[in-house]
Amino acid sequence: MSFQVDVYQNEYLTAGAREVNAIVTVTASGVTAAPTAAAEVIIIDCSGSMEYPRTKLVAAKQATCAAIDALRDGVAFAVVAGTDTASTVYPSVGLVAADQRTRREAKAAVQRLKAGGGTAIGSWLSLANTLFRGHEDALRHAILLTDGRNEHEKPAHLDRVLAECEGRFVCDCRGVGTDWEVAELRKVSTALLGTVDIVADPAGLAADFTAMTADAMGKAVADVRLRLWTPQGAKVKFVKQVAPTMVDLSGKRADTGPRHGDYPTGSWGSETRDYHVCVEVNPGAVGDVMLAGRISLLAGDEVLGQGKVKAVWTDDEALSTRISKEVAHYTGQAELAGVIQEGMQARRAGDLDRATAKLGRAVKLASESGNSDTAALLAKVVDVVDPVTGTVRLKAKVSEADAMTLDTRSTKTSRVRRG
């Protein structure tokens with residue numbers, strides 16, 4: 001498997017300027033036919049609310065069975081039932097290799113699941129973390145499904161568990177129905193470098209679980225890190241993944257040397273991701289040239305690819321005022337995600353003026369960037385009068401599913417158009 005690192009920026013700065021911005025595009029390709037060692041844990045909410053309506057638990061069972069069928073032969077797996085405690089549904093101890101027999105036994109065990117008890121997501125993740133022990137050389141992935149809020153443990157406990165699980169495995173989160181908390185699952189998915197989404201209709205769970213499992217089976221390199229070197233006196237303002245979803249990696253930095261640190265990016269298959277790097281350097285004089293950052297992509301000690309971020313100080317305004325379209329695009333996408341979440345929070349709080357202003361700004365940004373998917377979701381929450389100016393009216397009636405879908409998918413970005 002090969003990795004290519006491309007850097008897009010306007011390296012020209014006015015004399016005395018400090019801030020250097022760059023978009024780093026990483027493209028992975030050439031996944032080999034040989035299967036990669038993998039471990040999978042499927043966590044299913046079995047709390048009492050999954051019985052109301054009963055179609056939720058029935059659909060969750062069907063989805064779990066579909067995910068089991070999507071596992072490659074040899075993949076180590078387990079199924080966990082989550083209530084106010086966590087228990088292993090199959091196998092009885094540890095993980096087991098997927099084959100015709102173990103898939104059949106696992107699906108039979110899943111069909112015997114019953115709903116009852118509360119919701120304690122931290123306990124569920126803690127059990128998954130324990131099950132992954134001994135599989136550190138494998139691609140480790142979990143699916144977490146819930147229909148409710150984390151009401152049976154303190155938030156501090158979930159925070160502690162997430163800190164223990166960070167870097168141990170990737171977790172994709174799904175909320176079924178509309179009684180769960182978007183911010184809560186987003187916290188889990190962000191910490192564990194996974195995705196979060198809503199499945200408003202339980203009938204859609206099987207297809208979603210199959211797609212998530214197939215994507216996990218397509219990964220080939222685990223625990224890839226982005227290493228950023230900066231010169232003496234420089235300050236890293238932030239490092240963010242900006243496509244395909246918006247994830248701030250700044251707080252996940254692990255210092256690995258005097259002037260460089262590593263940022264986790266999770267597991268990779270054949271795909272492309274974009275990162276926004278912002279560095280503040282010591283200001284230069286006209287004519288000065290500086291290497292403002294060096295990007296390296298690593299798996300273990302192997303360097304998979306490298307790119308350079310430059311700074312050149314000039315008195316040519318035509319050069320220094322030119323806007324990098326890549327940086328501008330993703331700066332707008334970051335603002336788009338922020339104003340949607342702020343607008344929806346204001347709407348829930350009854351601050352309709354603020355909600356209208358924020359969601360109107362979101363419509364304008366979505367229109368400018370060509371983010372048609374987000375524009376379509378916004379149109380279910382507001383009546384768009386003029387997308388160019390961002391003039392909107394809040395809809396009088398909005399389904400909870402449409403409101404939560406917009407909030408949940410606010411961090412999905414459109415890629416910059418090139419060529």
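Computed with every protein chain present, the accessible area of residue 43 is close to 0 Å² [probe 1.4 Å]. In a reduced charge model with +1 at each Lys and Arg Cβ and -1 at each Asp and Glu Cβ, the chain shows a dipole moment near 300 debye about its Cα centre. Go through 13, 85, 31 and say which Cα lies farthest out towards the positive end of the charge dipole of region 1-88; charges sit on Cβ, +1 for Lys and Arg, -1 for Asp and Glu. Farthest towards the positive end: 85. Note on the chain: helix-only mean residue ellipticity at 222 nm, from DSSP H runs of 4+ residues weighted -39500 (n - 2.57) and normalised by residue number, equals -10500 deg cm²/dmol. Based on C-alpha pairs under 8 angstrom that are at least 6 apart in sequence, region 128-186 has a relative contact order of 49 percent.
Neighbours of residue 226 by Cβ distance under 12 Å: Lys/Arg scored +1, Asp/Glu scored -1, total +4.
Taking each residue as 0.36 nm, the span from residue 235 to residue 389 lengthens on full extension beyond its C-alpha to C-alpha distance by 51.8 nm. Largest mean-square fluctuation among 295, 121, 323, in a Gaussian network model of the chain whose springs join Cα atoms under 10 Å apart, belongs to 323. Each of 282, 268, 230 was scored by the projection of its Cα onto the charge dipole of region 214-287, and the greatest displacement toward the positive side belongs to 282; charges sit on the C-beta of Lys, Arg, Asp and Glu.
Solvent-accessible area per residue in region 77-224 equals 40 Å², computed with a 1.4 angstrom probe and all protein chains kept. The relative contact order of the chain comes to 19 percent, based on Cα pairs under 8 Å that sit 6 or more residues apart. Residues considered: 245, 195, 27. Largest GNM mean-square fluctuation over the chain, using C-alpha springs under 10 Å, is found at 27.
Ordering 218, 239, 202 by Cα displacement along the dipole of region 185-259 toward the positive end leaves 239 in first place; charges were set at the Cβ atoms of Lys, Arg (+1) and Asp, Glu (-1).
Please tell me which of these pairs span more than 19 angstrom C-alpha to C-alpha: 219/252; 380/412; 107/219?
Details: 219/252 22 Å; 380/412 17 Å; 107/219 24 Å.
In this structure, 219/252; 107/219 lie more than 19 Å apart at Cα.
Please identify, among 351, 99, 197, the residue showing maximal mean-square fluctuation in a Gaussian network model of the chain using a 10 angstrom Cα cutoff. For the chain, modelled as a Gaussian network with Cα springs under 10 Å, the answer is 351.
Excluding same-chain neighbours fewer than eight residues apart, the lysines reachable from residue 56 by a Cα-Cα span under 16 Å are 114.
Relative to the longest principal axis of the Cα atoms of the chain, helix 182-191 runs at roughly 70 degrees. If only the Cβ of Lys and Arg carry +1 and only the Cβ of Asp and Glu carry -1, the dipole of region 129-267 around its Cα centre is close to 820 debye.
Rounded to the nearest 10 degrees, the angle from helix 55-70 to the longest Cα principal axis of the chain is 70 degrees. Under 8 Å for C-alpha pairs, at least 6 residues apart: give me the relative contact order for region 279-419, rounded to a whole percent. After rounding, I find 18 percent.
So what's Rg/Rh here for region 1-41, counting alpha carbon atoms and using the Kirkwood radius for Rh?
Reported Rg/Rh (Cα atoms, Kirkwood Rh): 1.31.
Between the amide H of residue 12 and those of 312, distances stay under 5 Å, these residues lying 5 or more places away or on another chain, with hydrogens modeled in the peptide plane. Placing a label point 7 Å from the Cα of residue 302 along the Cα-to-Cβ direction, the residues of region 1-34 whose backbone N falls under 12 Å of that point are 1-3, 31-32.
The values are calculated or read from the model by the stated rules, or taken from the named source; none is laboratory data. These figures come from a predicted structure and were not determined experimentally. Glycine also receives a Cβ, built like all others from the backbone with ideal geometry; neighbour counts cover every protein chain displayed. We work out accessible area using only protein heavy atoms, side chains counted, and drop any ligands, DNA or RNA first. Shrake-Rupley method; radii C 1.70, N 1.55, O 1.52, S 1.80 Å.
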